[in-house]
Amino acid sequence: MILLVKNIEQKVNPIDLERLFYSYGEVVETNLVYDTITWEPKGFAFIEMKNSKDAYEAIEKLNGVKLNGKPLVVKKAHTIEHH
């Protein structure tokens, strides 16, 4: 299951995010989104967790938790299905 994480402070890196989410279950992939011109972080990321149950627990426990002083917004990412 893929989660959308918003309101990420600029100094946070993918390893910081992965460590935070790994405490709730196995993280398959962490993608912190960067501006393609400046390479500054855009303040959001996608985290793929192996188990949906763990992902829902991470949403419940981490939504609103402060990381480097900013409260995270954590929710299920809406994905586009290709047919």
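Worth pointing out:
- Neighbours by Cβ (under 8 Å, 6+ apart or cross-chain): first from segment 54-75, in contact (Cβ under 8 Å) with a residue 40 or more places away in the chain and more than 13 Å from residue 43 (Cα to Cα); second surrounded by fewer than 18 Cβ atoms within 10 Å (Cβ to Cβ) and polar (S, T, N, Q): 75/63
- Exactly one residue among 47, 59 is in contact with a Lys or Arg (Cβ under 7 Å, 6 or more places away or on another chain), of a type in the set (A, V, I, L, M, F, W, C) and either within 16 Å of residue 7 (Cβ to Cβ) or not in a strand (DSSP E or B) (or both), and that residue is 59.
- Selection within segment 16-41: residues that are of a type in the set (Val, Ile, Thr), touching a residue at least 12 places away in the same chain (Cβ under 8 Å) and surrounded by fewer than 18 Cβ atoms within 10 Å (Cβ to Cβ). The member of this set that is farthest from residue 64 (Cα to Cα) is 28.
Every number here is computed from the coordinates shown, using simple stated rules; none is lab data. Bear in mind the structure is a predicted one, so any value in this text is a computation, not a measurement. Backbone-built Cβ (ideal geometry, glycine too); neighbour counts: all protein chains shown.
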